[in-house]
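The values are calculated or read from the model by the stated rules, or taken from the named source; none is laboratory data. All figures in this text were calculated on a predicted structure; none of them were measured in a lab. Cβ coordinates were reconstructed from backbone atoms using ideal geometry, including for glycine residues, and neighbour counts include every protein chain displayed. Ligands, DNA and RNA are excluded from the accessible area calculation, which covers all protein heavy atoms including side chains. Shrake-Rupley method; radii C 1.70, N 1.55, O 1.52, S 1.80 Å.
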Amino acid sequence: MKSIRIMLAAICGLVMFSSCAKNEGTLPIVPYPQHVEMGSGHFNALGAEVETEGLTDMEEKVVEAFGDLLEAASADADGCGKIIFRRDASLDKEAFRIRIGRCRINVYSSTHSGTVFAIATLKQLMPAGIYSGTPDEAADWSIPCVEINDSPRFGHRGVLLDCSRHFFEIDEVKKILDVMAMYKLNRFHWHLTDDHGWRVEIKKYPLLTEVGGWRNGTMIGWDAKSNDGIRYGGFYTQEQLRDVVAYAAERGIEIVPEIDLPAHLVSALTAYPHLGCTGGPYQLMTVWDIAKDVLCVGKESSFEFLEDVFTEICDIFPYEYIHIGGDECPKLRWENCPACQAKIKELGLKDSDKWTAEHYLQNYVTARVQKMLAEKGRKVIGWDEILEGDLEPGATIMSWRGVEGGIEAAKNGFDAIMTPCGYCYLDYCQSDKPEEEPISIGHYVPVEKCYAYEPLDGIPEEAQSHILGLQGNVWTEFIATPDHVQYMLLPRILALSEVMWSSPEDKDYERFKADVIAHQLPALESLGYRCCHVIEREKTE
Ligand code: ACM
Ligand code: ZN
């Protein structure tokens, strides 16, 4: 037996790899790898053993879980293959190398993320049974001999989930994190607060969730005059949030929590009316609209509130970035508030040709929160409205109203994350037959349009390094159930994952579409995800 193993090992050593021409002999991998060299022959994954050398405990855990799935999927099949995971400190963060020989797969990474992403790639090279550990001996478990050297094009590869307009249980959030890990997405932007519900427990302000977590009904469909009369809400405890942080970290995902301010805060004002300009009383919104009531920023107590909230937020979420919103802030209340007007006077803010004094007041708020978070070692991300007026250096812009905010930000030396609504808003309808689709906010963003997006278009070459990446956003005004969230994400987030990860020269919509239909959707559905199949009847232009 031993001599046969040695002979096989010798044959493995003879596998030759050759660079494949772009998009020739492609692999069923999404997002498509950066470098692929095809070899000859195949590795039989059925019954293969999984081993590690020199990995961290957390990596051991994820590799072991992969090994368990492979063992379960292999049932009693006897294989002679080995899959060995090793460190290679010379690789970039998030990069990995997979060398597939006829009887051995060597996997190299320098970080936990690299290991997680390598596993995601290996799984995509196997039958769908690998995802659930379901034995499927009839399937083809042979993997082509190939060398894959892979690393992401962009560092920020995000998904936003709005848990304010509709609330999703922790297990459902985890399912989204699982799907993110399958497609090497690494930032979960968690929209935790808005006019329609405050979802994060803040121990110093219990009413934020006791009162601000619950609204008196929800408008029905598109009828803003209606109300279903059903008290609606929920929130996450800090213990639950810490558990999600750990769950995400295991999958190579950082969480970017968003506390939207100074607008989109009616849930907090309802709980603590002194935070508003008029003093209330306020009511959480039950219709999908922009509230006129915003944080009163003329009062020091509002900043004390923000300091306390961010102290607890930073304690739960350990990562560099905190999202502070900044979008859609009507200035009406500030125009009529003695405290806000006194603050404008004190700061000497004046209207300019382009912006009002109240716009500059918002700059003052952004700068104060930026400083507050910098003292806690954090950086801020804000929606592109924070560029209006004068923005202090150091903020990152999330460009949502189009690409212009991101272009302007990068040209002016700010980092930017692209999420233009016309390409990246995954609450928009994905079919040209909206009457056949679940209710949505409207518009039309088919999967092909997501795929076609090029985030560096319009960015001068010298400013391109300011584009940190992009993300797909699932706002949930019209999305009330977890399976509807999945339906809106899948498969459009796969298209965006290629924009985020792959080389633009490797993008090929026909290859992507064929792979999504033949492999990705079946794999996702085998895991119980609800997917949209419009891609199958889309005509490619
Ligand atoms: C947004 O969609 N209001 C950022
Ligand atoms: Zn005020």
Considering only protein heavy atoms, with the full assembly of protein chains and a 1.4 angstrom probe, order ASP390, ASP194, ASP353 by accessible area, largest first.
ASP353, ASP390, ASP194
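Rounded to the nearest 5, what is the percent of antiparallel bridges among the DSSP beta bridges in the chain?
Working: 25 of 69 bridges.
Counting only bridges with both partners in the chain, antiparallel ones make up about 35 percent.
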Taking a 29 Å limit on the Cα-Cα distance, which of the listed pairs LYS225/LYS345; LYS174/LYS411; LYS174/LYS225; LYS174/LYS513 fall beyond it?
LYS225/LYS345; LYS174/LYS411; LYS174/LYS225
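Please go through region 145-203 and write out the trypsin sites (Lys or Arg not before Pro) that DSSP classes as loop and that have at most 15 other C-beta atoms within 10 Å.
When the trypsin sites (Lys or Arg not before Pro) of region 145-203 are filtered for loop state and at most 15 Cβ neighbours within 10 Å, LYS203 remain.
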Using a 1.4 Å probe over the heavy atoms of the protein chains, calculate the carbon and sulfur portion of the accessible area of the chain as a whole percent.
52 percent
Heavy-atom surface of the chain, accessible at 1.4 Å and reported per residue (Å²):
39 Å²
Per the C-alpha gyration tensor (a ≥ b ≥ c, the square roots of its eigenvalues), region 257-313 is rounded if a/c is under 1.5, else prolate if a/b beats b/c, else oblate; here it's oblate
Candidate residues GLU147, GLU210: accessible-area rank, largest first, probe 1.4 Å
GLU210, GLU147
Filter the cross-link list LYS93/LYS379; LYS371/LYS507; LYS123/LYS175 down to pairs whose alpha-carbon distance in this structure exceeds 29 Å.
LYS371/LYS507
For the chain, what is the charge dipole size about the Cα centre, in debye to the nearest 20, if Lys and Arg each add +1 at the Cβ and Asp and Glu each add -1 at the Cβ?
540 debye
By its C-alpha gyration tensor, with a ≥ b ≥ c as the square roots of the eigenvalues, how is the chain shaped: rounded for a/c under 1.5, else prolate for a/b larger than b/c, else oblate?
prolate
Shape category assigned to region 135-197 from the gyration tensor of Cα positions, a/c cut at 1.5
oblate
Work out which helices of the chain, taken as complete DSSP H runs, extend at least 15 Å along their axis over the Cα atoms and score a mean Kyte-Doolittle of 1.0 or more, then list them.
2-13
How large is the charge dipole for region 280-421, taken about the Cα centre, if only the Cβ atoms of Lys, Arg (+1) and Asp, Glu (-1) carry charge, to the nearest 20 debye?
200 debye
